[in-house]
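The values are calculated or read from the model by the stated rules, or taken from the named source; none is laboratory data. Please read all numbers here as calculations on a predicted model, not as lab measurements. Heads up, the Cβs are rebuilt from the backbone with ideal geometry, glycines too, and the neighbour counts pull from every protein chain shown.
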């Protein structure tokens, strides 16, 4: 009788932590590994991406780590209470990019943003900095997330002075020269305003998540380091290494 009582007490001290693991596009991920801090046993998601973990009532739930080959792992805090069941958690995993760069989260896949070399047009007194090539990369209207893969550490990344700018096309403009104002053919996409975003280090060595604070309107945009598209002193641009004289443009498409 005493043994049965102890068994009932032990069962009553269990909590149930449930959740679902998907990729960033909502597709269930089977076989993902789920590790709860303080629980020795590891769990795997089923064919629907679901998992169930039984934990001791006295266990202070602090975080859950979820991982799967080919994906960036996720670490999420979990707050336990006195209830039998801890609130369900939903975890989304971002695919691990194959190489460094910027990747926009499209409707059902990543969109890789290719580099484009900056071009300067004008005089020493007045110039425009922009790009000539129309980008291949296009994201749906309203896209808000990008994965940035880099070997730079967080402190080094802060020194890059990363910006995202909305671009507009300038064909002709008047520029100031030593002999006065003159008309110049520009034919460049140039920065017209900055787009605010938040940069978050993902729980891996080289990956960061860029989340825009507002949805993008249709138009042309570009990520750039050292604020090159807004630089007013052309000599600063010329002194940068060649690999820094590039931007990562893309189009935000309506519909």
The strands (runs of 3 or more DSSP E) lying entirely within segment 113-210 that contain at least 2 residues which are touching a helix residue (DSSP H, G or I) at 6+ places or on another chain (Cβ under 6 Å), at pLDDT 90 or above and within 18 Å of residue 230 (Cβ to Cβ) are none
Checked pairs for segment 29-55, first on the phi > 0 side of the Ramachandran plot, second surrounded by 13 or more Cβ atoms within 10 Å (Cβ to Cβ) and part of a loop (DSSP other than H, G, I, E, B), C-beta under 6 Å and 6 or more apart or across chains, list as 38/59; 49/29
Among strands (runs of 3 or more DSSP E) completely within segment 18-110, the ones holding 2 or more residues that are modelled with pLDDT under 95, closer than 27 Å to residue 146 by Cβ and touching a strand residue (DSSP E or B) at 6+ places or on another chain (Cβ under 8 Å) are 63-67, 74-77, 85-95
Scanning segment 241-253 residue by residue, the ones that are over 18 Å from residue 169 (Cα atoms) and surrounded by fewer than 16 Cβ atoms within 10 Å (Cβ to Cβ) total 4
*asked:* Being modelled with pLDDT under 95 and out of contact with any strand residue (DSSP E or B) (no Cβ under 6 Å at 6 or more places or on another chain) is the requirement here; does residue 8 meet it?
replied: yes
By residue number, the members of segment 117-139 that are buried (at least 16 other Cβ atoms within 10 Å of the Cβ) and either under 16 Å from residue 219 (Cβ atoms) or not assigned by TED's automatic domain parsing to the domain that holds residue 231 (or both) are 130, 131, 135, 137, 139
